[in-house]
1. Under the rule a/c < 1.5 gives rounded, and otherwise a/b versus b/c splits prolate from oblate, where does region 92-217 land using the Cα gyration tensor?
2. Give the shape of region 144-282 as rounded, prolate or oblate, defined through the alpha-carbon gyration tensor: a ≥ b ≥ c are the square roots of its eigenvalues, a/c under 1.5 means rounded, and otherwise the shape is prolate if a/b is larger than b/c and oblate if not.
3. Round to the nearest 10 and give me the degree value, 0 to 90, for the angle of helix 108-121's Cα axis relative to the longest principal axis of the chain.
4. What full-extension length gain, to one decimal in nm, is calculated for residue 32 and residue 236 as 0.36 nm per residue of separation minus the Cα-Cα distance?
5. Place the peptides 37-46, 132-141, 119-128 in order of packing, highest mean first, counting for every residue the other Cβ atoms within 10 Å and averaging per peptide.
6. Region 24-85 to region 171-222: how many Å between their Cα centroids?
7. For 254, 100, which order do you get if you count the other beta carbons within 10 Å of each Cβ and list the fewest first?
8. Two decimals is fine: what's Rg over Rh for region 210-282, C-alpha atoms, Kirkwood radius as Rh?
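A short reminder: the numbers here are calculations on the coordinates, not readings from a lab. Since we're looking at a predicted model, the values are computed, not measured. We place every Cβ from the backbone using ideal geometry, glycine too, and count neighbours over all the protein chains shown.
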């Protein structure tokens, strides 16, 4: 049995889909069981929260492999979670971390992901760490303004990253979970195959829509305030995100070959991702 946390998210849902295709038995742990209805009858669904490690018994019962997201709202310490995972008899844990964990530049985001990685490595279990790059799906919040005004308003139009399709991240995770031995004690950095800027992503959307989409740069202070006040980011995390959007972290334009190595094909491009989701923006 494989436990998938974060199953209602863009990566976790892909992990579940690919594992089911591979014939694996899957259980999902979610705070929102309604979000798992599309797998009704195909997976075990346990309502629960990683912020309460003491209540994870039903989710971990008879589980031998687990896909874990430990950097989540409300999850303050990864250690007690990994203690519960180990004590339940899980043999291998696959952690979704961030490319920022490997950055030479210190930041709040780096430290929280490094802490999660350390908890997994020190758990005594078999482990694999997947350091995901910037997700292409981060562009989905632009959809409303693109649909109504053909405009994207954001800070950091020149922000460069090797954006990765969450479907590729989920597919890699499923491969590792299905056959963890070749990936035991390994850290894979998962990126796309090209470096793109935000303004280049906007231009791709315009091309696919057949009409221009303009980009309007928001002030840094406005963006930081929105992160703190609307998204409830801690101030240190908001600072880290703003620094990133200023191209202050050279880990993000890095192109890595792990996706191609594990999946046996090139990672999807942003154009491919956008073409598959263009109706959201239309």
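1. Numbers: a/c = 3.14, a/b = 2.08, b/c = 1.51.
It is prolate, given that a/c is not under 1.5 and a/b is the larger ratio.
2. Values: a/c = 2.18, a/b = 1.37, b/c = 1.59.
The shape class here is oblate.
3. 20 degrees
4. Numbers: separation 204, 0.36 × 204 = 73.44 nm, distance 2.85 nm.
Full extension of this stretch gives 70.6 nm more.
5. Values: 37-46: 14.0, 132-141: 19.8, 119-128: 18.2.
The most tightly packed comes first, giving 132-141, 119-128, 37-46.
6. With region 24-85 and region 171-222 each reduced to a Cα centre, they are spaced 26 Å.
7. On the way: 254 16, 100 24.
Ascending Cβ contact count within 10 Å gives the list 254, 100.
8. Numbers: Rg = 16.8 Å, Rh = 15.7 Å.
Looking at region 210-282, the ratio lands at 1.07.
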